1. Just tell me how shielded B:296-304 is by partners: mean number of partner chain Cβ atoms within 10 Å of each residue's Cβ, no decimals.
2. Quick check: net charge around residue B:248, other residues with Cβ under 13 Å of its Cβ, Lys/Arg +1 and Asp/Glu -1?
3. Projected area of chain B, taken from the Cα convex hull and averaged over every viewing direction, in nm²?
4. With the crude spin-label approximation of a point 7 Å out along Cα→Cβ, what separation in nm comes out for residue A:154 versus residue A:202?
5. What aspartates and glutamates could a cross-link reach from residue B:263, if we take a straight Cα to Cα line under 19 Å and drop same-chain neighbours fewer than 8 places away?
6. Given the pairs B:62/B:226; A:207/A:259; B:88/B:290; B:198/B:324, which span a C-alpha to C-alpha distance of over 26 angstrom in this model?
7. Connecting C-alpha atoms closer than 10 Å in a GNM of chain A, tell me which of A:133, A:292, A:301 has the biggest fluctuation.
8. Taking only Cα atoms of the stretch A:123-198, what ratio of Rg to Rh do you get with Rh as the Kirkwood inverse-distance radius?
Amino acid sequence: MAKVLRWDVLVGALLIAVFAAGSLTSPGFATVDNLSFALGDLGEIALIALAMTMLVVAAEVDLSVASVLGLSSALVGSLWDGGMAIEAIIPIAVLTGAVCGLVNGLLVTRLGLPSLAVTIGTLALYRGLAYVVLGDRAVAQFPPDYTALAVNDVPGTPIPYPIAVFVLLAAAVGVVLHATGFGRALYAIGAQEQAAFFAGIRVKRIKLLLFVISGTVAAFAGVVFTLRYGSARADNGVGIELAVIAAVLLGGVDFDGGKGTLGGVIAGVLLIGLLRNLLMLGDVSTEIQSIVTGLLLIVSVLTPRLVSLVRPALKGSP
Amino acid sequence: MTPMRLTAVTALLALGVAACSGTTKSTVTSAPAPAPASSSSAAKADPNAPIKQGLKLAFLPKAINNPYETIVDNAGIEAAKEYQGEAKEVGPSDASASSQISYINTLTQQGHDAILIAANDANAVCGPLQQARAKGIKIVAYDSDAAPECRDLFINQASSEEVGRSQVKLLAGMIGNKGDIAILSATANATNQNTWIKFMKDELGKPEYKDMKLVKVAYGDDDDQKSFTQTQGLLQAYPNLKGIISPTTVGISAAARYISGSKYKGKVVLTGLGTPNQMRQFVKDKTVEKFALWNPKDLGYLASYAAAALVSGQITGAEGETFKAGKLGERTIGKQGEVILGPPFTFDAANIDQFDY
């Protein structure tokens, strides 16, 4: 029971099933163009999901990521419109994201507030700031060299550059999470914060760092988003936080912390993306698409709980 | 702490260097404009080519549940049947800037002959539209334009200039070219409305309107409640107000609702852009005498025929080319690939019952 039927393995299998079904039923699905696009379309969600995985494993959450993305996009637009060099704008935008994350982290760790409440607040706050920075305007005409970086594939592969960045970061996060003491500390914090504290883990400092990483990555995703669409707007990426959290949960990370693997999350992101792509190719309406994704999410949260309820019953009480 | 400080200093230095020598807006905009798509310059139009049979078209509205766009798209889908084509409507449930992108990709993969799009963001849809064109798919924008270099044609519901000027003429005719007037617009940043208002102001500058004075442009943000209270505010602040122009369907119906139940009914003339179904009761109870709008069915119909003419090679999108748009007759392509539907249509008590949208 234990190893083979782990939820993240199941999601991986489901992903393969969707891919196979797509290749068989839809001629436009398994083409290089389509897959490359579908991957590119997931870029921002996938990037943010990396940081979110670490947060959720440590039993925290950051709902402000989409707003940080929007603020970063607005900032890129406003500074570019003001004549600043894009090479300077990008680090400024990413740095702003780090500051946003720092504010979240300080509120959570220094004041001891629940991250759900704090980041619902900053979700509204950062989006508001994005509108202050750029208003209702849309700024376009970004340098083609940079927009190409956000859209084009790495030469000779169907992998868009942002996804290549994601792969590198994912490898790093995978190693940190599953093969270092720091990674184990995250699981410990998520499973039993007090025990982790007494075991000598610097809980607050680590959480603060996670929020800073989350803000930084979200702001970087904002830069990618802006360049990919070639349009900076304050409302960019509204609602993305839910897609990210959906992917993380679908990937088998426990919302109560302490459980989950990065592999599962990556499979979750891909599953949501490919399923949506396939449903669209089949002319399934938007409403049905949301229903399918929603059901999948509920099943993913429900199944492990049911299994943990059923398993002891089958074995007899411990 | 020292290595961190060192990193910070290095980063700041790098930032400074980048700021001085990097790619800025001016270096990009001074670069030569990209050449027009090769497909349109290489191909030659054959006005006598027959419309191809079995064309596959797709309408991609701003959002799928927008009633106005549904009327436009359904008319376009009906038109496709006239020339034995096949058309469908797909689209996102929200009108955000980026939500149309995946649909463009999907339609490209599905191998349509043409994509007709009401763009949520002129630039955000540009890249994917270019990719679709590279695969030989024709792009027709309607209702809301995409950047001109990313589409073959834009079907404009009415020229902005004509909309603006005709609103002033319509109101002037009803108040005898005399008195204080106000405008109730959508948001302060709305592109359409601001262009129209610019032409309204220009028209008001003409000598025949010297006795008409624009006292205020108010913004109802295309929100029913806000437009309602803005109307109330206007009428209280300017007791001598003779007329209001509301060039937005939300604004005009909210204003009409307020006026119809107030002491200003019959004293203040309201006109603007509205749909017949929204305005019917206010025309019947004589709150509003005349208002205008283009016919959304004709917009979809024209877009559908334009796409068919493009795919069949009758036109390439160049200025001066003409094509036959079914019952609407012959149309000519104007500057920058624009085809104009025609002057806005004026509705009044005599004709409003012939329309249902």
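1. Numbers: counts 0, 0, 0, 0, 0, 0, 0, 0, 0.
The shielding value for this peptide is 0.
2. Working: positive: B:226; negative: B:221, B:222, B:223, B:224.
Local net charge: -3.
3. Working: hull surface 97.5 nm².
Averaged projected area of chain B's Cα convex hull equals 24.4 nm².
4. It works out to 3.4 nm between the two label points.
5. Residue B:263 reaches B:180, B:285, B:289.
6. Values: B:62/B:226 23 Å; A:207/A:259 16 Å; B:88/B:290 35 Å; B:198/B:324 33 Å.
Long pairs (Cα-Cα over 26 Å): B:88/B:290; B:198/B:324.
7. A:292
8. Numbers: Rg = 20.0 Å, Rh = 16.7 Å.
Looking at the stretch A:123-198, the ratio lands at 1.20.
Bear in mind these aren't lab numbers, they're just calculated from the coordinates by the rules spelled out. Since we're looking at a predicted model, the values are computed, not measured. Positions of Cβ are backbone-derived with ideal geometry, glycine not excepted, and every protein chain shown enters the neighbour counts.
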